[in-house]
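Okay, so here's the structure we're looking at.
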Amino acid sequence: MSGSASVLYILDLKGKPLISRNYRGDIPNNIIEKFRKRVVKEENESNIRPVFEDSGYSFFHVKHRNLFFVMVSKQNANAMMVLSFLLNVINVFKHYFREVEEESIKDNFVVVYELLDEMMDFGYPQSTEPKILQEFIKVESHKLQIDKKISEALGVGLGGNQFNISTLANSFSQLVVQLAEGAVQQVTNAEPSDNLSKVTVPKEFTANISWRPANIVHKKNECFLDVVESVNVLLSPSGSTLRSEILGVLKMRTFLTGMPELKLGLNDKVLFENLGRTTKGRAVELEDVKFHQCVRLNRFEQERTISFVPPDGEFDLMSYRLNTKVKALVMVDMESELHSESRIAYKVTAKSQFKRRSTANNVDIFIPVPRDSDTPTFTTSMGSAEYAPEHDAIKWTIKQFQGGKEYTMKCQVNLPSTTNGSTQYAEVKKRPVKVQFEIPYFTVSGLQVRYLKIMDKSGYQGLPWVRYITQSGEYSVRHN
């Protein structure tokens, strides 16, 4: 087995430790100073590496919002294992606290330490499945409650009786004596084997299926599968594709009773080639496939079928990437002109280039303008426009953009008198137009779910639901 990690830190943006958990005790307390010098105080981000070695110690870190998650090892630890563990820690915190940031860590530090103790033991990862951890680490169990004995001794029970200082002191002394005597008597009467018999390891930690508790019951057995594809595209002014890729995720929400087994079939090109079959539709060759731990990898490698016992609730079953040429889904043509060094006029034309039966929702087009632009005016044939100073752009919003349609927007912005209009205009022309959108019931890659079967020993009929969504990732259009 590869070397283990020694200590985990959660730092703020200044490098101040919020949480530290030393699992092995072989790392000096001031080791985090080396991380501050190499990462926190480094002004050039290109010099920052997620993994580096300093003075015989290995550092691994992941930045999430305003936090650094850092692990340090004195041994030859597996870098991918440590980084994967840190990402799983963040995912677990999301399930518990929703938002993982400095305030949520401070407000829930007791739960954070409990989770870290369960997720790693002596530097080796244990269970990082949120559903299993929630079975015995419950946020609700950490509420402060007044014990009945204490309230009775203090005279502040349900009757709300008054008490003075002397009464409080006597009652508290009697309570301490009673508790001490009771504890001694309990230890004296207990047999040595009693305490040992009560120490049990959670079944989910040692079970073959550690990500799903047993005896789950749902009144209605349903399974929802979303095929979500994000399109990263860089287009030239003429509309040709300069760079493109598709990042896909299969998101699932399962509400199934018992321990069902699911089988998922896709229009996988490798599967059809292995079977010597041809398909009428398009077959997709998936790249960089990553599965949830519930998927049986041996069966996928041999039969190219995705078979698994799912966790209960929401999870990402699979992610993939397609390095393929993607045609423009939304093309934006922009014409601009500088007037008398003080005003820029724009004419923007947006055209949807997907099928008419599809509709893009919540389309946002960001047209770059100079910083500190003043008194913008807009005219649109569809949707609305506004100045978005946080993006240094004009935001043109079209709620529903049907396929094969074309709309225009005209706007003017005034430039500050203290700036050089020609210089700012030249800088703006270098910035691309950004587009955001979402197209339901549509996939760019052509990936299709051929079947989704739900099988359980009890024989109940589960209802599978499948939905397709295409959304923009880094979608940019050059105009110069």
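Listing for the model above:
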item: Sparse-neighbour loop sites [trypsin sites (Lys or Arg not before Pro); segment 399-460; at most 12 other C-beta within 10 Å; DSSP]; result: Lys430, Lys457
item: Once the Cα gyration tensor of segment 16-88 is diagonalised, semi-axes √(5λ) in Å; result: 18, 15, 13
item: Note, ³J(HN,Hα) from phi for segment 216-222, Karplus 6.51, -1.76, 1.60, rounded to Hz, x at Gly and Pro; result: 7, 10, 10, 5, 10, 8, 9
item: Cα-Cα over 31 Å, subset of Lys63/Lys251; Lys327/Lys429; Lys14/Lys429; result: Lys14/Lys429
item: Cβ crowding within 10 Å averaged over residues, with 460-468, 254-262 ranked highest first; result: 254-262, 460-468
item: Derived scalar couplings ³J(HN,Hα) [segment 357-371; Karplus, 6.51 cos²θ - 1.76 cosθ + 1.60; whole Hz; x for Gly, Pro]; result: 6, 9, 9, 8, 9, 6, 7, 10, 10, 9, 9, x, 9, x, 5
item: ³J(HN,Hα) computed for each position of segment 257-266 - Karplus, 6.51 cos²θ - 1.76 cosθ + 1.60, integer Hz, glycine/proline x; result: 7, x, 10, x, 10, 10, 10, 10, x, 10
item: Sequence-distant residues sharing a close amide H with His479 (under 5 Å, placed H); result: Val433
item: Solvent-accessible area of Asp372 with every protein chain in place, 1.4 Å probe, in Å² to the nearest 10; result: 110 Å²
item: Built amide H within the under 5 Å cut-off of Phe52, gap 5+; result: Phe59
item: In segment 1-99, trypsin sites (Lys or Arg not before Pro) in a DSSP loop with at most 13 other beta-carbon atoms within 10 Å; result: Lys14, Lys41, Arg65, Arg98
item: Cα centroid separation, segment 302-369 to segment 54-115 (Å); result: 32 Å
item: Surface share of carbon and sulfur [accessible, 1.4 angstrom probe, percent] for segment 304-426; result: 42 percent
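The values are calculated or read from the model by the stated rules, or taken from the named source; none is laboratory data. Keep in mind that what you see is a predicted model, and the values were worked out from it rather than measured. Note that we place each Cβ from the backbone using ideal geometry, even for glycine, and neighbour counts take in every protein chain shown. Just the protein is used for accessible areas: all its heavy atoms, side chains included, with ligands, DNA and RNA removed. Shrake-Rupley method; radii C 1.70, N 1.55, O 1.52, S 1.80 Å.
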